[in-house]
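J.: Structure provided below as structure tokens; questions to follow.
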Amino acid sequence: MDLAAIKVQTMTYVYDLMNEAKEHGFKADDTWEVSLVSETDRVRIQKDYYPAVASKAFSDILLQVFQSVKSALNSPLSKDEELMNSQTILNSELKYIIAFNPKRARH
């Protein structure tokens, strides 16, 4: 596991999220919903919500980057997310970290 790569990807992604939030006028109670998704889900979420920020990470560090992003955003992991492992990611074809605000659906 490459800790430097995890840290860089996490910092870059969180920086991008903060820029998007500022650019789109997020209020204090506007939050990012962060998930690990497949290609199909990424396309659907980006079609249904704006802004939606997706990032593809190498599969060997995807879970660690996801957990680090959630931690950086003070967003607790769900029970399912706590149970995720590299096999879950491969079996579900999870390739992207995506963040969106559920209150900002496209019309």
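The values are calculated or read from the model by the stated rules, or taken from the named source; none is laboratory data. A quick note: this is a predicted structure, and the numbers were derived from the prediction, not measured. Glycine also receives a Cβ, built like all others from the backbone with ideal geometry; neighbour counts cover every protein chain displayed. Heads up: the accessible areas ignore ligands, DNA and RNA and are worked out on the full protein's heavy atoms, side chains in. Shrake-Rupley method; radii C 1.70, N 1.55, O 1.52, S 1.80 Å.
J.: Roll a 1.4 angstrom probe over the protein heavy atoms and tell me the percent of accessible area of the chain that is carbon or sulfur.
T.: Values: 3570 of 6840 Å².
Ligands and nucleic acids excluded, carbon and sulfur reach 52 percent.
J.: Mind pulling the angle between the C-alpha long axis of helix 59-72 and the longest principal axis of the chain? Nearest 10 degrees, somewhere in 0 to 90.
T.: In the chain, helix 59-72 runs at an angle near 50 degrees to the longest axis.
J.: Given +1 on the Cβ of Lys and Arg, -1 on the Cβ of Asp and Glu, and no further charges, what dipole in debye does the chain carry about its Cα centre, rounded to the nearest 20?
T.: 280 debye
J.: Sticking with this one: Helix 3-23 against the longest principal axis of the chain: what's the angle in degrees, Cα atoms only, rounded to the nearest 10?
T.: For 3-23 against the chain, the angle is about 10 degrees.
J.: Return a whole-number percent for the relative contact order of the chain, with Cα pairs under 8 Å and 6 or more residues apart as the contact set.
T.: 45 percent.
J.: Report, in debye and to the nearest 20, how large the dipole of the stretch 12-73 comes out about its Cα centre when Lys and Arg carry +1 and Asp and Glu carry -1 on their Cβ. Show your work: numbers first, answer last.
T.: Values: 7 positive and 10 negative charges, 9 e Å.
Dipole magnitude for the stretch 12-73 comes out near 40 debye.
J.: I would also like to ask the following. Accessible area per residue of the stretch 1-62 at 1.4 Å probe, in Å²? Write out the running numbers ahead of the final one.
T.: On the way: 3970 Å² over 62 residues.
Counting only protein heavy atoms, the per-residue value for the stretch 1-62 is 64 Å².
J.: With respect to the cross-link table entries Lys47/Lys103; Lys7/Lys79; Lys27/Lys103; Lys70/Lys95, which display a Cα-Cα separation exceeding 21 Å?
T.: On the way: Lys47/Lys103 14 Å; Lys7/Lys79 24 Å; Lys27/Lys103 11 Å; Lys70/Lys95 16 Å.
Distance filter (> 21 Å) returns Lys7/Lys79.
J.: On to the next question. Only loop residues by DSSP count here, and only those with at most 16 other Cβ atoms within 10 Å; note down the chymotrypsin sites (Phe, Trp or Tyr not before Pro) in the stretch 44-107 that meet that.
T.: Details: sites: Tyr49, Phe58, Phe66, Tyr96, Phe100; in loops: Phe58.
Here the sparse-neighbourhood loop sites are Phe58.
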